[in-house]
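The values are calculated or read from the model by the stated rules, or taken from the named source; none is laboratory data. Note that the structure is a prediction, hence the values are computed from the model and not measured. Neighbour counts run over all protein chains shown; Cβ positions are idealised from the backbone, glycine included. The area values use the complete protein model at the heavy-atom level, side chains included, leaving out ligands, DNA and RNA. Shrake-Rupley method; radii C 1.70, N 1.55, O 1.52, S 1.80 Å.
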Amino acid sequence: MANPADHWTREPAGLGEPAEYRRCHGSLEAIADSERRALRSIGAPAREVAAWTGVLLAELLAVPGVRIFQGVQASAGESPRIPHAVSAGRRLILVESVAWPAGRYVTMGDGRVHCDGVYIGQSARPLAAAVRHWREALPAGHRVSAVVVVHLAGEGGLALPPAAGRDLAWARATEAVCCIRAELPRRRQAVSMRAVAALVAATAGEEDR
């Protein structure tokens, strides 16, 4: 059976073109299981779960102006990379991926995640911090938010936390593309060269291209 990650990471025609003309960047090779990841999958490798999301996000390339980056540095320093970022015009959406078992998930005021009333040792706070980092890194007029794509591990119902304002939303894998697409500009915007340059510089594997 073909590996979904192999399908996704294959560059489109024009690999040698300047970065501003390419629509897919980076690699998931830097996505690894680690206790340093504030949001972690349960029962599945982080890179594999990220690849599942990558296959879904490929549908967004049908939208003119959309660019997708893999392995994006969350912020300054050595924090674990975010699997994906979707960029269109002056809009940037950071996309984290997890696989969680059935249950009712909620987040506390400090970002800690609970399932059926029990703290699971994970937090959305670093992802919210990454949103703030990218808002500061990009010029005024850019909008930045994050989406956590949750794949159901096993069977049963999955209730996700409500959105945390405009900073962070949660989406079941089956609804992720529609959720992200609804947040993209309704009209095509000119490419933000500053955003593309910053994202390329922060994307895993781009130094080898």
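Just one of the listed residues (R135, R112, R143) is free of Cβ contacts under 8 Å to residues at least 60 places away in the same chain, of a type in the set (K, R), surrounded by fewer than 19 Cβ atoms within 10 Å (Cβ to Cβ) and touching a Lys or Arg at 6+ places or on another chain (Cβ under 6 Å), namely R143. Here the stretch 78-109 is the region considered, the condition is being surrounded by fewer than 24 Cβ atoms within 10 Å (Cβ to Cβ) and free of Cβ contacts under 8 Å to residues at least 40 places away in the same chain, and the residue that is farthest from A159 (Cα to Cα) is E78. Would you point out the residue of the stretch 160-193, among those that are free of Cβ contacts under 8 Å to residues at least 24 places away in the same chain and assigned to a loop (DSSP other than H, G, I, E, B), that is farthest from A99 (Cα to Cα)? Within the stretch 160-193, the match that is farthest from A99 (Cα to Cα) is R187. If I ask for residues that are at pLDDT below 95, under 17 Å from V113 (Cβ atoms) and surrounded by 13 or more Cβ atoms within 10 Å (Cβ to Cβ), which ones from the stretch 162-187 would you list? Scanning the stretch 162-187 gives A163, A164, D167. Flag: G157 does not match the condition of being in a loop (DSSP other than H, G, I, E, B), among the small types (G, A, S) and open to solvent by less than 80 Å² (accessible area, probe 1.4 Å). Of everything in the stretch 81-121 that is of a type in the set (G, A, S) and part of a loop (DSSP other than H, G, I, E, B), the residue that is nearest to V131 (Cα to Cα) is G111.
Among the residues of the stretch 42-62, how many are more than 17 Å from L94 (Cα to Cα) and either crowded, with 19+ Cβ neighbours inside 10 Å or out of contact with any strand residue (DSSP E or B) (no Cβ under 7 Å at 6 or more places or on another chain) (or both)? Steps first, please.
Within the stretch 42-62, the first condition is being more than 17 Å from L94 (Cα to Cα), and the residues that meet it are 42-45, 48, 62.
Adding the requirement that they be either crowded, with 19+ Cβ neighbours inside 10 Å or out of contact with any strand residue (DSSP E or B) (no Cβ under 7 Å at 6 or more places or on another chain) (or both) leaves 45, 48, 62.
Selection size over the stretch 42-62: 3.
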